[in-house]
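Trainee: Got a structure for you, written out below as structure tokens; questions coming shortly.
The values are calculated or read from the model by the stated rules, or taken from the named source; none is laboratory data. Given the structure is predicted, the values throughout are model-derived calculations rather than measurements. Cβ coordinates were reconstructed from backbone atoms using ideal geometry, including for glycine residues, and neighbour counts include every protein chain displayed.
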Amino acid sequence: MSYVIAAVTALTMLVMAGPASAAGNGNPQPNGSNKLQCFDGTSDGGFYGLCSIANGVATLDNVSNDATGTSNPYDQYSGVYITGSNLGGKMLSQVGNISFSYTGTPTNGSPRLSLPLDTNGDGATDVYAFVSAMFCNNGSGFVDVVNNPNCTIFVTGGPVSGYANWSAFAAAYPSAKVGPDGALPFIIADDPGSWTVSNVHLGKAARTTGK
């Protein structure tokens with residue numbers, strides 16, 4: 001099961017990778033609207049990664065080159081989130097829909113959902129849950145986090161093998177709430193490659209408008 005160990009290691013190392021440009025704590029903040037939004041390393045400064053949205057489809061481009069044209073494969077990230085997501089403050093048992101469609105070849109950690117959780121009721125993010133498309137898809141590019149019985153969910157500091165599905169995950173964290181301190185869930189790719197992400201549901205209907 002070395003691929004699972006590698007996946008957990010990669011996800012733990014990248015726990016705070018996210019839309020830093022949207023808020024100082026490394027997570028986007030709700031602004032009252034409800035749109036699919038981009039974030040990427042190029043916009044944040046210091047890292048590569050390009051996100052763009054057209055006709056409801058986000059393209060995540062992490063294929064970078066340095067000044068000499070040599071590949072610089074592990075220095076990038078790009079992703080999307082939804083402003084106005086209604087997941088904030090919900091118990092895991094109350095979450096009904098987290099899903100997205102993608103194209104491209106998934107890696108251990110890209111593209112993946114990153115879900116901030118308050119596990120002790122103090123209103124702050126204690127751990128993150130991670131759902132990678134590699135370990136949660138229907139074979140046709142659809143990630144259905146809540147309803148797919150074979151969707152593995154990893155958690156910061158949790159079991160190396162993860163939880164088998166949402167039901168097992170929710171049972172392990174019966175009092176956890178999503179999105180403490182205003183943090184929002186987001187979908188990110190931070191490995192080399194290029195993907196599209198569409199039909200994004202983060203607690204509400206899919207949003208197709210861009211920035």
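Trainee: Out of (1) modelled with pLDDT of 95 or more; (2) closer than 21 Å to Asp118 by Cβ, the odd one out for Gly203 is which?
Mentor: Condition not satisfied by Gly203: (1).
Trainee: Right, next: Looking only at region 27-50, count how many residues are at pLDDT below 90 and in a loop (DSSP other than H, G, I, E, B).
Mentor: Final tally of qualifying residues: 12.
Trainee: I need a count of the residues in region 128-158 that are on the phi < 0 side of the Ramachandran plot and in a loop (DSSP other than H, G, I, E, B).
Mentor: 14
Trainee: Looking at Ser110, Ser114 in this structure, which one is under 14 Å from the mean Cα position of the chain (by Cα), closer than 27 Å to Ile53 by Cβ and outside any loop (DSSP other than H, G, I, E, B)?
Mentor: Ser114
Trainee: Check off (1) surrounded by 20 or more Cβ atoms within 10 Å (Cβ to Cβ); (2) touching an Asp or Glu at 6+ places or on another chain (Cβ under 9 Å) for Tyr102 and give me the number that stays unchecked.
Mentor: (2)
Trainee: Do the conditions hold for Ser140, that is, is it buried (at least 18 other Cβ atoms within 10 Å of the Cβ) and small (Gly, Ala, Ser)?
Mentor: no
Trainee: Within region 121-137, how many residues turn out to be in contact with a strand residue (DSSP E or B) (Cβ under 7 Å, 6 or more places away or on another chain) and either buried (at least 24 other Cβ atoms within 10 Å of the Cβ) or not aliphatic (A, V, I, L, M) (or both)?
Mentor: The number of residues fulfilling the criteria is 10.
Trainee: In contact with a Ser or Thr (Cβ under 6 Å, 6 or more places away or on another chain), of a type outside the set (Lys, Arg), farther than 21 Å from Gln76 by Cβ and modelled with pLDDT of 95 or more, is that true of Phe135?
Mentor: Here the answer is yes, as Phe135 does meet what is asked.
Trainee: Go through region 143-199 residue by residue and tally those that are aliphatic (A, V, I, L, M) and in contact (Cβ under 8 Å) with a residue 40 or more places away in the chain.
Mentor: Residues meeting the conditions: 13.
Trainee: Check region 169-186 and report whether any residue there is within 21 Å of Thr103 (Cα to Cα) and of a type outside the set (A, V, I, L, M).
Mentor: Yes, region 169-186 contains at least one residue that is within 21 Å of Thr103 (Cα to Cα) and of a type outside the set (A, V, I, L, M).
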